[in-house]
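A short write-up of the structure that comes next.
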């Protein structure tokens, strides 16, 4: 082979060898996930980490092939519309949200960007999806059975309150639980266990302490706190304010029992957020959200804080303790 031919051969061979290397070094397409929450980085750190862990399990690594755009209302629900507009304008591949009030606001801004619900209360009744089996639009994700927990909370309230006592329900007016339907259901549930019911409302985080302070003038036998993104954001601060009533309090999130509350009955929230990553994975790989069935929680968890019971002088019935999934001492 002549010198010129040898040089041509080597150049061709070198070029062929470089092709696989070039393919291997091709830039990875970065996918963008929007995240919008009524909470804050500190109140939802556990849930955000659970979601990130779920993404990692499906091969999505933040900074490598996926990026998160985080938006927090920090308990101020009136900030959500502007945050939703901002997020939608960024045109993420998918948006993760939690709580019906948040889903509805995001859904109003987009009918095309997929929305994954990390938690929800009866999304069919809320008008978010057509059915659990076939959502039918750009919304899918998980239900949390929040629509069923208030009535169960009344039953738990009756187990630690005197017969004929008054049960007060703390309601966030932005949630479905402020509707006439849920009020009527709670009233019926209270009547069924020989208790009287009343409702106290909060519209913003700063309202909660004021509402609970007013309740101290005529404390109920027991207080139930209905599910709300705002109440989850307040977390331990709400628990501390409620402690001043010196009455048993039933909470909608286990994290509030960890913060010192007496009892909670709810789907494990971190499990939901971790599972939400599965829906995101499916959508990023081409699935249509309207064809991904809504999932319901595998279990609802009853948590009891024995230290709080002792501090209140409350005797939690053995039947409740036996049913508890978690006892905190």
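Computed quantities for the displayed model
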{"quantity": "Calculated [θ] (222 nm, deg cm²/dmol) that DSSP helices of n ≥ 4 give over the chain, each run adding -39,500 (n - 2.57)", "calculated": "-12500 deg cm²/dmol"}
{"quantity": "Antiparallel bridge percentage (DSSP; both residues within the chain; nearest 5)", "calculated": "10 percent"}
{"quantity": "Least to most buried among 203, 119, 140 (fewest other Cβ within 10 Å first)", "calculated": "203, 119, 140"}
{"quantity": "Angle between the chain longest axis and helix 269-284 axis [Cα atoms, degrees, rounded to 10]", "calculated": "30 degrees"}
{"quantity": "Separation in nanometres of the label points that stand 7 Å from Cα toward Cβ, at residue 318 and residue 57", "calculated": "3.8 nm"}
{"quantity": "On Cα atoms only, tilt of 205-215 relative to the major axis of the chain in degrees", "calculated": "10 degrees"}
{"quantity": "Neighbour-count ranking [beta-carbon atoms within 10 angstrom, fewest first] of 32, 275, 285, 216", "calculated": "285, 216, 32, 275"}
{"quantity": "Over the chain, relative contact order from alpha-carbon pairs under 8 Å, at least 6 apart, %", "calculated": "20 percent"}
{"quantity": "The stretch 36-93 - Rg over Rh from alpha carbon coordinates, Kirkwood radius", "calculated": "1.01"}
{"quantity": "Cβ-derived FRET efficiency at R0 51 Å, residue 206 paired with residue 288, nearest 0.05", "calculated": "0.75"}
{"quantity": "For the stretch 188-287, convex hull of alpha carbons as volume per residue, Å³", "calculated": "134 Å³"}
{"quantity": "Between helix 45-57 and the chain: long-axis angle, C-alpha atoms, 0 to 90°, nearest 10", "calculated": "40 degrees"}
{"quantity": "Relative exposure of 201, 258, judged by other C-beta atoms within 10 Å (fewest first)", "calculated": "201, 258"}
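Where a number appears in this text, it was derived from the coordinates with a stated rule and is not lab data. Only a predicted model underlies this, so the values are computations on that prediction, with no experimental measurement involved. Ideal geometry is used to build each Cβ from the backbone, glycine not excepted, and the neighbour counts take in all protein chains shown.
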